[in-house]
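The values are calculated or read from the model by the stated rules, or taken from the named source; none is laboratory data. In this text the structure is predicted, and so the values were computed from the model without any measurement. Here the Cβ positions follow ideal geometry from the backbone for every residue, glycine too, while neighbour counts run over all protein chains shown. Ligands, DNA and RNA are excluded from the accessible area calculation, which covers all protein heavy atoms including side chains. Shrake-Rupley method; radii C 1.70, N 1.55, O 1.52, S 1.80 Å.
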Amino acid sequence: MAGYISGKQTFFRFLFSFGAATGTAVFLTFLLSGPRLGSHYDFLMRYRPAPPVSRELTLIETGVSGDIIEPQVAASVIITLIETDASALVIQAPVLGPAAGESAGGTRDTAFPGIAGDGDALLSRLDDEFALLEGNIRNLFQAIRTGSISPGESERYVGELVDLAERGKERLISAIERRDTAGIARMENASAAFGNVWEAGDLRVRVIRAGGEEGSAGTASDPATVPEPKPRYTSPRPDRDGVLRRIAPILLGEAGEEHVAYALLKNRYDTAEIGFGGYQPALTLRKDGKEAVLPLDARGALLTEKPRGEIDFKRMPLGTFLEYERLDQELYRSLSEAEKEGFFVHLAPEAYPNFRYDYALSLREELLENPAEGGRDRWLDARGEYFSALESCIYGPSETSLVMGYETLIASETLEPGGVEAVVSLRNGVIRTFKRIREQYETLKGLREQLSAALEGSVCILGPVSSSREGNPSDAEASAILANSILTGQAVVPLASEYILLWSLMAALITVFFLCRLGPSGTFFWGCFLIILTGGIFSLGFIFTKYWIDPIIPAGAVAAGVFPSFLWALYLKNATAKTFRRVYGPIMAPAYLKQLIRAGRPAPGETLKARAAVAAIRCGNLLNAECRKDPLAAEAAVAAFREAVYRICSKAGAVMAGGDGDTVLIAFGSPPERICISRMKSELPYEDDIKARSSHNPAAKAVGFILDVLSSNPEAAASWYFGIDTGDCAFRYSSISGYSAFGYPVIRARILAGLAPRYKARILVTGQVNEKLDGLLTRRLDVLADKAGQGRDLFYEVLTKEKTRTPAAATGASVFR
């Protein structure tokens, strides 16, 4: 704490610094409102605990980007979801054909089975059309080159070639439409049977429900498409820097577009509404009397968190669904071949696995054509019976019975040599066939169990994924992230601007209050520490809680309070140092002055009382003839005398305390000296016990120092006389008289310095000083008394080494003033 900073200055410094911090906090709160997020938010987000991930969500990955799905593939996925009892499906990949939103654009990728463009028939048709076009172009140019067509007729032939190309395009479009019409109808029928499919193409989304109302059954001829109450979107807008950090459940504006994931999940709740009352908007979900509130940012967006580390959404490649369908069909073909070979002859016809498969398939097609109530359960029951019959067949006695029959024939020895080999081949064929069927079944069974575990009861999102988890999520992943926040109730809570401003002002208030009494160096170092501490506290608060207060705002407010406080302290220190050099520079050594400036006290003009030893130094050479005749010589001699006293005495910490003519006053134990000694490790503090005899008191220090001066300085030994007294003195600086000491010890020291030549002594001290001396030889000389004859005090001569010890001289004499 700087002593040169007064209470008034502290108050105004506090107000000025806090005002600057308040203005900065208001400005930053307004500038970063929203909140406006950046790289520091992403950095801190990496250190937050990974958010919980709902096991109800499953991502069906169609590739990285730009993949177009055939309607037939989408229908196959939906049928598998029905079989595995999934909850809902959101299609966020473009589906080829009008059902996908009139656009099938994008880069085709055959890395994933089922992506549009890998059909042999379509490729063959494209090759035929372009070959025809190429042949027509070559024939036209050949005719022009050979002159078969005149220049006047070339325009007509070019027009006919363009017409042929246009008709070829129409034939290709017709082929594509015919190719996809069945797939589109099948996808829509499967969607109606599933009952909860949200199909998205780019930003266009439509809900396909069974029947006229949500969740009801429709008819085979008229699968109903439920009108959307509000337009919906699937591509959330990233922040200005291109990073996706927030997703709005509803876009603000007249249209009020709902995000497809929010539109899907809000139907689970009794009420789902976004309120903009109070300090901050919030999404409120109510169900069965319970309420969940998810605070939103100023634009109504949810600050979502991506899964991190080993925690992630359940993911299933699209190829897994196609592989399941392929394995199922391969197994059926193997069963059909086995049935044709008579391998199921020991079974009843209704127990044939392929018969059970055909029956379940017919129920599935019936469900797709007419999603009536109960049709789904009948198909799933028949599907389960098919797998049960298949297990009974391939793991039952069928294979054993066939093999035993063939073994009996072989052992009967009734067959011709060639017949034995044929029967052995048949027996081995049975064994190989059943082995192959079991392997196919086990592979299919494992894949079916994998799909069931991942999809049962899940909200599935079908679409492309991002190439890296570190980058922006794809639209499908963004939907999963938003759905996860709604299902788990976990999201970052952006505090309202009012609360951010309040916390920032509290941090700034504490900081400027702590710094308002410190010097510039303390303000700088502690201020930097508090800025870092403030940013660290709010950063850690975000990491370990869900509340977001941008650390830049409170740290910036604190910095705005630290900077003017530092400038104020620096100005006060420089002004104080300048004043102290002017006031105390002429009376004390630079080393002591430096400590005094750092301490910042005593303030100039401040009167302080201290127990000090005052020494009056009188120069006898100033009474010579030259000084009497020449005033300039007298002035030069006085200046040299005072300079010598300052140079010699200030090194010991003595303070010049006034003087006039041939006498100079110095003081040991003055307030400036005591302050400096308290800050210097090399100096011991004074002992002010009146009765103690110690070398660490002002009087003993003054006498010891003067003895050293007389022994080491010939000029002082020849012409200087000293009078010393100790006691309570007042010290004060005045612009008129400079720094001066006041009190009775000052008067008696002057008198003793004047009496020293009369007693042929160099050092005269009072009885109070003599009592403080330890180990020094003194001689009692006389007494001092005031004009009224009162206060008679003994005074003594301090014997120097050169002076012979003699009996007391001039005893009994009294000196009066």
Review point. Going through the stretch 308-385, which GluC sites (Glu not before Pro) have at most 10 other Cβ atoms within 10 Å and a DSSP loop state?
Key: Glu310, Glu373
Check your understanding: Based on the Cβ-Cβ distance from Ser6 to Asp85, what FRET efficiency comes out when R0 is 60 Å, to the nearest 0.05?
Key -> 0.15
Revision key, fill the gap. Residues of the stretch 564-582 with backbone N under 17 Å of the label point set 7 Å from the Cα of Ser521 along Cα→Cβ are 566-567, 569-578
Review point. With labels modelled as points extended 7 Å from the Cα through the Cβ direction, what inter-label distance (nm, one decimal) is found for Val26 paired with Leu794?
Key: 7.7
Revision key, fill the gap. For the table Lys314/Lys546; Lys573/Lys701; Lys306/Lys445; Lys287/Lys314; Lys578/Lys609; Lys314/Lys435, the rows whose alpha-carbon distance is greater than 28 Å are Lys573/Lys701; Lys306/Lys445; Lys314/Lys435
Check your understanding: For the stretch 284-333, what does the alpha-carbon gyration tensor say about shape, rounded, prolate or oblate, given a ≥ b ≥ c as the root eigenvalues, a/c under 1.5 as rounded, and a/b over b/c as prolate?
Key -> prolate
Revision key, fill the gap. With 0.36 nm assigned to each residue of separation and the Cα-Cα distance removed, Arg326 to Thr408 gains 25.7 nm
Revision key, fill the gap. Accessible-area order for Met404, Met316, Met656, largest to smallest, probe 1.4 angstrom, reads Met404, Met656, Met316
Check your understanding: Hey, rough spin-label estimate for Tyr547 and Glu166, points 7 angstrom out along Cα→Cβ, what's it come to in nanometres?
Key -> 7.0
Check your understanding: Shape call for the stretch 47-95 from the C-alpha gyration tensor, a ≥ b ≥ c root eigenvalues: rounded (a/c under 1.5), prolate (a/b greater than b/c) or oblate?
Key -> oblate
Check your understanding: Going by the alpha-carbon gyration tensor, a ≥ b ≥ c the square roots of its eigenvalues, is the stretch 696-743 rounded (a/c under 1.5) or, if a/c is not under 1.5, prolate (a/b greater than b/c) versus oblate?
Key -> oblate
Exercise for review: Note down the nm distance, to one decimal, between modelled labels 7 Å out along Cα→Cβ at Arg240 and at Asn136.
Suggested key: 5.5
Revision key, fill the gap. Sorting Val703, Val158 on solvent-accessible surface, 1.4 Å probe, most exposed first, gives Val158, Val703
